[in-house]
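S.K.: Before I ask anything, let me first share the structure, which is written out below as structure tokens.
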Amino acid sequence: MTTHSPSSGPTPGASDSGTGGISSKGLSAGSIGLLGATVIGISCIAPAYTLTASLGPTVAAVGTQMPGIFLVGFIPMLLVALGYRELNNAMPDAGTSFTWATRAFGPWLGWMGGWGLIVATVVVLSNLAGVAVDFFYLMLAQLFGNPDLADLTGNVLINVLTCLVFMVAACYISYRGMETTKAVQYVLVAFQLIVLVWFSVAALVQVAEGSAFDALAFSADWFNPFLAPSFTAFAAGVSLSIFIFWGWDVTLTMNEETRNPKTTPGRAATLTVGIIFALYILIAVATLMFSGVGTGALGLGNEEIQGNVFAALAGPVMGPFAILMSLAVLSSSAASLQSTFVGPARTMLSMGHYQAFPKRFASISPRYKSPGFATLMAGIVAWGFYAVMRVLSTDVLTDTILTLGMMICFYYGVTAFACVWYFRSEALGAIRAFLLKFLAPLLGGVILLVIFATTLYDSMNPEYGSGSNIGGVGLVFILAMVLFIGGIVLMLIQRSVNPAFFQGKTLTQGSSKEHLHMQ
């Protein structure tokens, strides 16, 4: 295995992953354990932030089948996570989807897999910053008893500038490396989990005491997704479910900085998904039992509260402690904003290292051992994207979530199929290999492919998402096409400027059989 300077990519013509090995990129090795990786994974998913934005739309789509739809969304995430774990065991690399898809399918699809991860995280960074801004001013309004302060978020200039402040702070913490990131995340993640469990228990206590808003008796039928009103409703609900589970793969992008990099990241990913699933089911059941699905003031079917369920329910459920929920969602979005920088920064670092991106992206901060330049670029692009979307879209949150869903399905799907193809020679060798390296990622990839194709087609409708459109074509579709086509153009430019990666000189295509043979 060839070892290179931390501040540069691999020597042209050298293949340091020809055998599946991983060259040193200069990151701080061994700085994250299983607990730290799991906490950062939960933070990146941001349960308080995702739930307040998705509970209402999910009920609007599928009604009381929300727990069942969450279950369906959990299945492809778990299946893909198992495939990720196997790939990481064989090739622990900070580039994750980029590196693994390149090893399986070659440089072109590998590059687009990395691009899909980068744009998905940049989109969600802008979204997280926007939610942090909303809840920051809501918290100030609650703290000072002045409702007018909450309206400041509607001022575009104030909103965009406040977003910039949050982005700079998150970028700075990430720039300081994994030790600083981990310390911040322990506090913020613990706080939001405690508040969410508190909210759920308080709601169930009110149901038991008969003081809930529109109490529903628990029913096992809620867990049957096939009772959804229609296939369209089912598909919409599943798309939202995939969004709420997304983010666990950040545990894999830290694999070069974890202890036992071949096992810890995969275990952290599986543990993260399991904890989040249990939490989501608890909250879904508690809110259904407390509020019902009607259109009353606190009903989950009320369109006026669907965009921010916790803001409406926190007071009635938690009483004088409602401000803790605002703080929890604010801390959730702020914590996730900071931890989400980990993924794109390390993917860009890896792409720069293997010369799929300009060499500058491979630079490491000498002091903090973090991908400094890549982190900075992720912040700049995310803020610029948010500023543009804030002007173009009538509902930034809805349109970016739907666009994000397509990007997630794309790069998760590519990675799942990469697992199937890379391990194809082992698939029939043992039951474990067949289940974890072939069947699980194959099923997960197929599910994501179907959802991706369905969403892409539906998004052309000018009424899709927020209803924002350009020339009668839905803004979500246009945004997705701009991101995909932009990636292809950048890939072709990089190919003409520095063709080494695309000629297989820095990262070679292969299979697990060839890997084992060369070892």
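The values are calculated or read from the model by the stated rules, or taken from the named source; none is laboratory data. What you see is a predicted model, and the numbers here were worked out from it, not measured in a lab. Counting neighbours? That spans all protein chains shown, and the Cβs are built from the backbone with ideal geometry, glycine included. When the accessible area is computed, the model is the full protein with side chains, heavy atoms only, and any ligands, DNA or RNA have been set aside. Shrake-Rupley method; radii C 1.70, N 1.55, O 1.52, S 1.80 Å.
S.K.: Restricting to segment 451-488, name every residue that is of a type in the set (Val, Ile, Thr) and either surrounded by 13 or more Cβ atoms within 10 Å (Cβ to Cβ) or under 24 Å from the mean Cα position of the chain (by Cα) (or both).
M.R.: Result: Ile451, Thr454, Thr455, Val473, Val476, Ile478, Val482, Ile485, Ile488.
S.K.: Name the single residue that is modelled with the highest pLDDT among those in segment 296-340 being assigned to a loop (DSSP other than H, G, I, E, B) and open to solvent by 10 Å² or more (accessible area, probe 1.4 Å).
M.R.: Among them, the one singled out is Leu298.
S.K.: Moving to a separate point now. Can you tell which of Ser350, Ser363 is farther than 17 Å from Gly247 by Cα, among the hydroxyl-bearing types (Ser, Thr, Tyr) and touching an Asp or Glu at 6+ places or on another chain (Cβ under 8 Å)?
M.R.: The conditions single out Ser350.
S.K.: Hey, another quick one. Taking segment 425-447 on its own, how many of its residues are part of a helix (DSSP H, G or I) and within 20 Å of Gly266 (Cα to Cα)?
M.R.: 15
S.K.: Check whether at least one residue in segment 405-416 is of a type in the set (Phe, Trp, Tyr), over 19 Å from the mean Cα position of the chain (by Cα) and open to solvent by 30 Å² or more (accessible area, probe 1.4 Å), and report yes or no.
M.R.: no
S.K.: Looking for whichever is out of contact with any Gly (no Cβ under 7 Å at 6 or more places or on another chain), modelled with pLDDT of 90 or more and over 30 Å from Asp399 (Cβ atoms) here; the options are Gly504, Gly486. Which one fits?
M.R.: Gly504
S.K.: All but one of (1) among the aromatic types (Phe, Trp, Tyr); (2) open to solvent by less than 10 Å² (accessible area, probe 1.4 Å); (3) without any contact (Cβ under 8 Å) to a residue 60 or more places away in the chain hold for Phe70; state the number of the condition that does not hold.
M.R.: The number of the failed condition is (3).
S.K.: Which of the numbered conditions does Leu34 fail, given that it passes all the others? Conditions: (1) at pLDDT 85 or above; (2) open to solvent by less than 10 Å² (accessible area, probe 1.4 Å).
M.R.: The failed condition is (2).
S.K.: From Leu349, Leu402, grab the single residue that is within 30 Å of Phe213 (Cβ to Cβ), surrounded by 20 or more Cβ atoms within 10 Å (Cβ to Cβ) and in contact with a helix residue (DSSP H, G or I) (Cβ under 9 Å, 6 or more places away or on another chain).
M.R.: Leu402
S.K.: Can you find even one residue in segment 121-140 that is touching a helix residue (DSSP H, G or I) at 6+ places or on another chain (Cβ under 6 Å), under 26 Å from Ile447 (Cα atoms), open to solvent by 10 Å² or more (accessible area, probe 1.4 Å) and aliphatic (A, V, I, L, M)?
M.R.: yes
S.K.: Right, Phe218: out of contact with any Gly (no Cβ under 7 Å at 6 or more places or on another chain) and modelled with pLDDT of 90 or more or not? Outline the logic, then answer.
M.R.: Working: out of contact with any Gly (no Cβ under 7 Å at 6 or more places or on another chain): yes; modelled with pLDDT of 90 or more: yes.
Considered against the rule, which asks whether it is out of contact with any Gly (no Cβ under 7 Å at 6 or more places or on another chain) and modelled with pLDDT of 90 or more, Phe218 comes out as yes.
S.K.: Oh, and also: Tell me which residues, restricted to segment 489-501, are open to solvent by 40 Å² or more (accessible area, probe 1.4 Å) and under 14 Å from Ile118 (Cβ atoms).
M.R.: If the condition is that a residue be open to solvent by 40 Å² or more (accessible area, probe 1.4 Å) and under 14 Å from Ile118 (Cβ atoms), then Leu490 is the only one that fits.
S.K.: If you don't mind, there's one more thing I want to ask. Conditions: (1) under 20 Å from Gly343 (Cα atoms); (2) under 18 Å from the mean Cα position of the chain (by Cα); (3) open to solvent by less than 10 Å² (accessible area, probe 1.4 Å). Leu55 meets all but one. Number of the miss?
M.R.: Tallying (1) under 20 Å from Gly343 (Cα atoms); (2) under 18 Å from the mean Cα position of the chain (by Cα); (3) open to solvent by less than 10 Å² (accessible area, probe 1.4 Å), Leu55 fails exactly one: (1).
S.K.: Filter the helices (runs of 4 or more DSSP H) completely within segment 173-288 down to those with at least 1 residues that are open to solvent by 20 Å² or more (accessible area, probe 1.4 Å) and farther than 27 Å from Tyr412 by Cα.
M.R.: Working: elements: 178-209, 231-245, 250-253.
It comes to 178-209.
S.K.: Can you find a residue in segment 224-246 that is in contact with a Phe, Trp or Tyr (Cβ under 7 Å, 6 or more places away or on another chain) and farther than 22 Å from Asn127 by Cβ?
M.R.: Looking for residues that are in contact with a Phe, Trp or Tyr (Cβ under 7 Å, 6 or more places away or on another chain) and farther than 22 Å from Asn127 by Cβ, one finds at least one in segment 224-246, hence yes.
S.K.: Here's something else I'd like to know. Which number in (1) of a type outside the set (A, V, I, L, M, F, W, C); (2) over 22 Å from Val119 (Cα atoms); (3) at pLDDT below 90 marks the one condition that Gly474 misses?
M.R.: Result: Gly474 fails condition (2) only.
S.K.: Cβ-Cβ below 7 Å, separation at least six or inter-chain, first residue in segment 421-446 and in contact (Cβ under 8 Å) with a residue 12 or more places away in the chain, second open to solvent by 70 Å² or more (accessible area, probe 1.4 Å) and assigned to a helix (DSSP H, G or I): which pairs?
M.R.: Ser425/Lys513
S.K.: Of everything in segment 153-163 that's surrounded by fewer than 17 Cβ atoms within 10 Å (Cβ to Cβ) and among the aliphatic types (A, V, I, L, M), which residue is modelled with the lowest pLDDT?
M.R.: Of everything passing the filter in segment 153-163, Val156 is modelled with the lowest pLDDT.
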